[in-house]
Amino acid sequence: MVVTPATLASLDSVYGGYLEGDLVDGFLAEFGIPFAAGHWCAGEFVDRFCPRGYNSDDPGFDPSEEAQVARIAAAGIKGVEWHEAVFLDAHGARDGARVEAITAAMARHEVRPTNMNFNTWSAPKFKYGGLTHPDPGRRREALDQMHEGVRVAKEIGCGSCNTWPGSDGWDYHFEVDYGQRLGWFIDGCTEVAQACAAAGLKFGTEPKQYEPREGNMIVNTVAKAALVAMEVNRTLGATVMGVVIDYGHEQMVGNTPADSLYTLRRFGVPIANFHINGAKFNANDEDRIAGTDDVWRLVEFCYAAVDTGYEGWFGLDQFTYRTEQTVSMRLSMEFFANCMKKALRIYGDREALAAAQATGDAVQTIQLVKRAIYNG
């Protein structure tokens, strides 16, 4: 981020009032805040209530990856996250034609690849797990697919890779040997982290409390994900693994999202990537339009990202089933920009904030930030 006295002064001179339209793009560019969207944000949306897809009755809707890139660009978003599966053939090998077509679409629309997410949950063979499947052959298949993802990520120009272990976990008590599964997960992450480091890519795991596993996922909190990363880094003798923070997942588990960022910094665990969205507190992973819930929490989260020195992309991860994709993505970026502006106003007065915090009196901190929250 570019946070200097000159840029902070522009919050009033250039970006006063509510940001929309070109002001959103100008603000993000001036402050060096890179914003991306997962390709899935611009595609078809399917759930168990509408398994045909919410756009399946629209003959003009194109669900292809090329069309997804076009929608992301139309929203004014400059980066796109991928799943490695879209670049692979039915046998899990690199599909050269798809790599070429998607790369061409990104170049045509001037959208950069940012992060490669490993998909080891949607294929039926991974229903019992990916890195923690009880069959060692399946675990090897998951690892081989992830290695292929690392190679494609490097080829197309991503800066990071992420494993969200959707099928790794449990649904019932006594279902698994917890220690054994955790060991398999750490072993797998160690192998992938080493491959990412060799390719010059960041690597992280993305914790989530539950869903699709309904007991717990293998890494259900930022704290547990941090422990996994620390063990991997200890084994490899270098800091090569971090954590991917998803704002909605923090809401699910009832964490204070900002606190998680400071916790990771304290223990020396890097943030590999951010996922931004909206969700109710202690609810499901709704992945709604960012900024439509508790603005205080999101502004504090943005403040913590600035204050802890995060320098990567903020990636949109949303499933707006009943609203149009491009409009929804643009709204998320707009609301995020306005929340980040509020955070930067507070950051510009961070010495006064620290003094207020030192008193232990919450009213003093509230008095300091209230105008930024409601008018900034």
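A short reminder: the numbers here are calculations on the coordinates, not readings from a lab. None of these values were measured; they are calculated from a predicted model. Cβ: placed from backbone, ideal geometry, glycine included. Neighbour counts: every protein chain shown.
Would the stretch 290-304 turn up any residue that is of a type in the set (Phe, Trp, Tyr), in a helix (DSSP H, G or I) and more than 25 Å from residue 228 (Cα to Cα)? Explain how you work it out, then say what you get.
Here is the first cut: in the stretch 290-304, the residues of a type in the set (Phe, Trp, Tyr) are 296, 301, 303.
Imposing the further condition that a residue be in a helix (DSSP H, G or I) reduces the set to 296, 301, 303.
Add one more test, that the residue is more than 25 Å from residue 228 (Cα to Cα), and what stays is 296, 303.
Within the stretch 290-304 (the criterion being of a type in the set (Phe, Trp, Tyr), in a helix (DSSP H, G or I) and more than 25 Å from residue 228 (Cα to Cα)), the answer is yes, since at least one residue qualifies.
Which of the numbered conditions does residue 128 fail, given that it passes all the others? Conditions: (1) surrounded by 17 or more Cβ atoms within 10 Å (Cβ to Cβ); (2) in contact with a Lys or Arg (Cβ under 8 Å, 6 or more places away or on another chain); (3) in a loop (DSSP other than H, G, I, E, B).
Among (1) surrounded by 17 or more Cβ atoms within 10 Å (Cβ to Cβ); (2) in contact with a Lys or Arg (Cβ under 8 Å, 6 or more places away or on another chain); (3) in a loop (DSSP other than H, G, I, E, B), residue 128 violates only (1).
Under 6 Å between Cβ atoms, which residue pairs at least 6 apart in sequence (or on different chains) link something in the stretch 216-235 that is touching a residue at least 12 places away in the same chain (Cβ under 8 Å) and charged (D, E, K, R) with a partner that is surrounded by 19 or more Cβ atoms within 10 Å (Cβ to Cβ) and outside any helix (DSSP H, G or I)?
none
Could you give every pair whose Cβ atoms fall below 6 Å, whose first residue belongs to the stretch 48-75 and is free of Cβ contacts under 8 Å to residues at least 40 places away in the same chain, and whose second residue is of a type in the set (D, E, K, R) and in a loop (DSSP other than H, G, I, E, B), counting only separations of at least 6 or pairs across chains?
As it stands, the answer is 53/44; 55/44; 63/44, since those pairs meet every condition given.
Could you grab me the full set of residues in the stretch 240-269 that are charged (D, E, K, R) and crowded, with 22+ Cβ neighbours inside 10 Å?
246, 250
Please enumerate the residues belonging to the stretch 38-84 that are part of a strand (DSSP E or B) and buried (at least 21 other Cβ atoms within 10 Å of the Cβ).
Hits for the stretch 38-84 are 38, 79, 80, 81, 82.
Considering only residues that are of a type in the set (Ser, Thr, Tyr) and free of Cβ contacts under 8 Å to residues at least 60 places away in the same chain, look in the stretch 341-376 and name the one that is surrounded by the most Cβ atoms within 10 Å (Cβ to Cβ).
Only one residue fits best here, namely 365.
Exactly one of these conditions fails for residue 275: (1) closer than 30 Å to residue 231 by Cβ; (2) in a loop (DSSP other than H, G, I, E, B). Give me its number.
If we test residue 275 against (1) closer than 30 Å to residue 231 by Cβ; (2) in a loop (DSSP other than H, G, I, E, B), just (2) comes out false.
Just the residues that are over 21 Å from residue 96 (Cα atoms) and β-branched (Val, Ile, Thr), please, taken from the stretch 145-182.
Correct list: 163, 176.
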